[in-house]
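Q: Take this structure, written in structure tokens, and hold onto it; I'll ask about it next.
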Amino acid sequence: MREEYDFSKGKRNPYVNQEKKQITIKINAATIDYFKQQAEETGISYQNLINMYLTDCAMHEKKMVYTIK
């Protein structure tokens, strides 16, 4: 490794606004198992699959459909 590096010609990260934020969330075990199965089939990590699904919901402004029993 060099003792010093020259970053004077470096560029800012153009994707800085697209960075992910780590959170803690409780998800049912069956739901995690579902996404892990999908991860095995697709080769995409289950965390990325969950993120992709939630991003799609947000982009399309999908609303929750639920009933109270």
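Q: Quick one: Tyr34 ticks every box in (1) closer than 16 Å to Thr55 by Cβ; (2) open to solvent by 100 Å² or more (accessible area, probe 1.4 Å); (3) not in a loop (DSSP other than H, G, I, E, B) except a single one, so which number is it?
A: With (1) closer than 16 Å to Thr55 by Cβ; (2) open to solvent by 100 Å² or more (accessible area, probe 1.4 Å); (3) not in a loop (DSSP other than H, G, I, E, B) applied to Tyr34, the lone miss is (1).
Q: Related question: Just give me the residues in region 37-46 being part of a helix (DSSP H, G or I) and out of contact with any helix residue (DSSP H, G or I) (no Cβ under 8 Å at 6 or more places or on another chain), in sequence order.
A: Within region 37-46, the subset part of a helix (DSSP H, G or I) is 37-42, 46.
Answer for region 37-46, where residues must be part of a helix (DSSP H, G or I) and out of contact with any helix residue (DSSP H, G or I) (no Cβ under 8 Å at 6 or more places or on another chain): Gln37, Glu40, Glu41.
Q: Let me ask another. Go through (1) in contact (Cβ under 8 Å) with a residue 12 or more places away in the chain; (2) among the β-branched types (Val, Ile, Thr); (3) not in a helix (DSSP H, G or I) and name the single condition Val65 misses.
A: All conditions are met except number (1).
Q: Can we say Thr55 is under 12 Å from the mean Cα position of the chain (by Cα) and of a type in the set (Ser, Thr, Tyr)?
A: Details: under 12 Å from the mean Cα position of the chain (by Cα): yes; of a type in the set (Ser, Thr, Tyr): yes.
Spelling it out, Thr55 is indeed under 12 Å from the mean Cα position of the chain (by Cα) and of a type in the set (Ser, Thr, Tyr).
Q: Sticking with this one: Answer yes or no as to whether Ala58 is exposed (fewer than 10 other Cβ atoms within 10 Å of the Cβ), out of contact with any strand residue (DSSP E or B) (no Cβ under 9 Å at 6 or more places or on another chain) and not polar (S, T, N, Q). So that I can check it myself, show each step before the final result.
A: Working: exposed (fewer than 10 other Cβ atoms within 10 Å of the Cβ): yes; out of contact with any strand residue (DSSP E or B) (no Cβ under 9 Å at 6 or more places or on another chain): yes; not polar (S, T, N, Q): yes.
For Ala58, the condition - exposed (fewer than 10 other Cβ atoms within 10 Å of the Cβ), out of contact with any strand residue (DSSP E or B) (no Cβ under 9 Å at 6 or more places or on another chain) and not polar (S, T, N, Q) - is met.
Q: Could you grab me the full set of residues in region 12-31 that are over 13 Å from the mean Cα position of the chain (by Cα), assigned to a helix (DSSP H, G or I) and surrounded by fewer than 10 Cβ atoms within 10 Å (Cβ to Cβ)?
A: Val16, Asn17, Ala29, Ala30 - these are the residues of region 12-31 that are over 13 Å from the mean Cα position of the chain (by Cα), assigned to a helix (DSSP H, G or I) and surrounded by fewer than 10 Cβ atoms within 10 Å (Cβ to Cβ).
The values are calculated or read from the model by the stated rules, or taken from the named source; none is laboratory data. What you see is a predicted model, and the numbers here were worked out from it, not measured in a lab. Don't worry about glycine lacking a Cβ; one is built from the backbone with ideal geometry, like all the others, and counts go over all protein chains shown. Side chains are part of the model used for accessible areas, which takes the heavy atoms of the whole protein and leaves out ligands, DNA and RNA. Shrake-Rupley method; radii C 1.70, N 1.55, O 1.52, S 1.80 Å.
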